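Read through the structure below, which is laid out as structure tokens, and then see the notes.
The values are calculated or read from the model by the stated rules, or taken from the named source; none is laboratory data. Bear in mind the structure is a predicted one, so any value in this text is a computation, not a measurement. Positions of Cβ are backbone-derived with ideal geometry, glycine not excepted, and every protein chain shown enters the neighbour counts. Please note that ligands, DNA and RNA were not included when accessible areas were found on the heavy atoms of the full protein model with its side chains. Shrake-Rupley method; radii C 1.70, N 1.55, O 1.52, S 1.80 Å.
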Amino acid sequence: MEEMLFYDRMQFAFTITFHYLFPQLTMGLSLIIVYFKWKYLKTKDEQYNHATHFWMKIFALNFAMGVVTGIPMEFQFGTNWAKFSELTGGIIGQTLAMEGMFSFFLESSFLGIFLFGEKLLGHKWHFVTGLLIMIGSWASGYLIIATHSWMQNPVGYEILENGKFVLTNFKALFLNPWLWPSYLHNQAASLVTSSFVVAGIGAFYILSKKNVSFGKLFLKTGVIFGLISSVIVAVPTGDLLAKNVVKYQPVTFAAMEGIFHTEKKGSEIVLIGQPDVKDKKLDNKIAVPNILSFLTYGNWDQEIKGLDQFEEDLHPTNISGLYYAYHIMVGLGTVFIGLMVISLFQLIRGKLFETKWILWSLMFMMPFPYIANTTGWYTAELGRQPWLVYNLLRTAAGASPTVSSGNTLFTLLGFIGLYLLLGMLFLLLIGKIINKGPHNVELSTEKI
């Protein structure tokens, strides 16, 4: 059973990690595309319209990859997690169906119109279709995170005699106190990824002395959006989400922060340290006293419960992985804010485009928001373990009992091989779009 559960989790972890590389760009990028189109309507500067077309090609390719890699995950609910689907389908099936029926179709329908209908629609209606694509993209994220939030903090439900969950309060599902901080945190993080990609490609054009005018536009836009979104990820959304973890999942918070033993007179915040789960301590730690208590409760001396206050069978099943995922996310988020502050400072001084170390840094940092987003989701999912539905349904109870570990491993290896090929094809196509550049791109007459 343990081997079967391990491969079930590994398969879903791999497929969803690969899949989320694409939506995290499209959700944030849709807002930037709408901004470029709005600037064109306002200024009539053709550069903004060319920028809109250029980034829409990248958006469309990411959207297509997101669809292709997203479909297998839904099948896994039936193949690998049949018991979970059977017991909770009356609740999570509603939000997932709404995401597919409303958000996905809104986004996909208007994407085709936006790509090929500019001359027919005119620029104002072209802007409206772009706005609808953004709404569909962000609504999709909202409904997915509504599902995730119910699993983290179940509300508005009843458990029948046969063990099935049914929804008794539809309103409570969308007013879940876990939902809005998670959603806004996720969307801001998506915008961080998009901003770094836009700024990084802008830096590439400037450094290569190719499409320099567009490079400057992309760099300026990416830095401004990047600083705003990086700050929002930390405060207020990250702060609110952390306080939710303290309130609803205190054992998870203790594991995230590496608090093995309750500290009576305020908890320190650990900057560096390696968790020794066996001996229940942090090795080689560098910490600042009482800061964690202040950040969490606004009180320097507030006690924060350690793992010693909870039964071991309630502890997250991978404390080390959870600890490192959380600290990588926070550490990278801090670096993002610092780099964007310096970049904006140089932009205001009029020296950003000539400051090569910043340009190289922004280009080099493009992959790191993807890492931060991924480790953020790992923090949420590892933190919920050993539960599928927190405190109600254990992960082991949701797996399909008739699917062998050998079958799951076989399909996992197949996914790895297939996604490797898809990833290489994606990078090749993206490279061709970037190499061609945004100048004179006409999507309404050019096939993708």
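For residues in region 386-400 being crowded, with 20+ Cβ neighbours inside 10 Å and in contact with a strand residue (DSSP E or B) (Cβ under 8 Å, 6 or more places away or on another chain), which is farthest from A146 (Cα to Cα)? Only one residue tops the list, namely G398. Candidates in region 401-430 are the residues that are in contact (Cβ under 8 Å) with a residue 12 or more places away in the chain and among the small types (G, A, S); of these, the one that is most open to solvent (accessible area, probe 1.4 Å) is S404. Quickly run through region 320-357 and pick out the residues that are farther than 22 Å from V270 by Cα and free of Cβ contacts under 8 Å to residues at least 60 places away in the same chain. Matches in region 320-357: L339, I342, F345, Q346, I348, R349, G350, K351, E354, T355, W357. Screening the candidates S194, S190, S182, S213 for the property of being assigned to a helix (DSSP H, G or I) and farther than 29 Å from A234 by Cβ yields one hit, S213. Note on region 293-318: among residues that are open to solvent by less than 70 Å² (accessible area, probe 1.4 Å) and part of a helix (DSSP H, G or I), the one that is nearest to A254 (Cα to Cα) is L307.
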